[in-house]
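So the structure is just underneath, and the comments pick up after that.
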Amino acid sequence: MKKSAIAGIFLLTLLLAVGIYKASALTSDPLTLAEFNEIKAGSSEKTLLRYASTCQQESEGGDTRGYPTTWTCYGADGSSNAVFFYSEGELFSKAQTGLQ
């Protein structure tokens, strides 16, 4: 097989993977800027999970009592996100990049 054919197959596979990722983000209830703004300091992790299903806890497993918990949630475009910091079950800080 020629190098150009291999490169073409690789590029096609890469584009397909990106398309699948973006489609899954769009269909799995991504976080919006309006929802981000609704989540206030002092709210619980349960409140966060009501707004978006694209959130992942950064420090699962092990004994995390006494340590902050970090959640990362993703926007519809696959590259925007928000980070939420909880201590003793209450939100104390949040930040977002590119949410719409």
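The values are calculated or read from the model by the stated rules, or taken from the named source; none is laboratory data. Note that the structure is predicted; figures quoted are calculated from it, not measured. Don't worry about glycine lacking a Cβ; one is built from the backbone with ideal geometry, like all the others, and counts go over all protein chains shown.
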- Message: Need a quick list: helices (runs of 4 or more DSSP H) entirely within the chain having at least 3 residues that are at pLDDT 85 or above.
- Response: 33-38, 45-51
- Across region 71-100, what is the number of residues that are surrounded by fewer than 15 Cβ atoms within 10 Å (Cβ to Cβ), among the polar types (S, T, N, Q) and within 16 Å of Asn37 (Cα to Cα)? 4
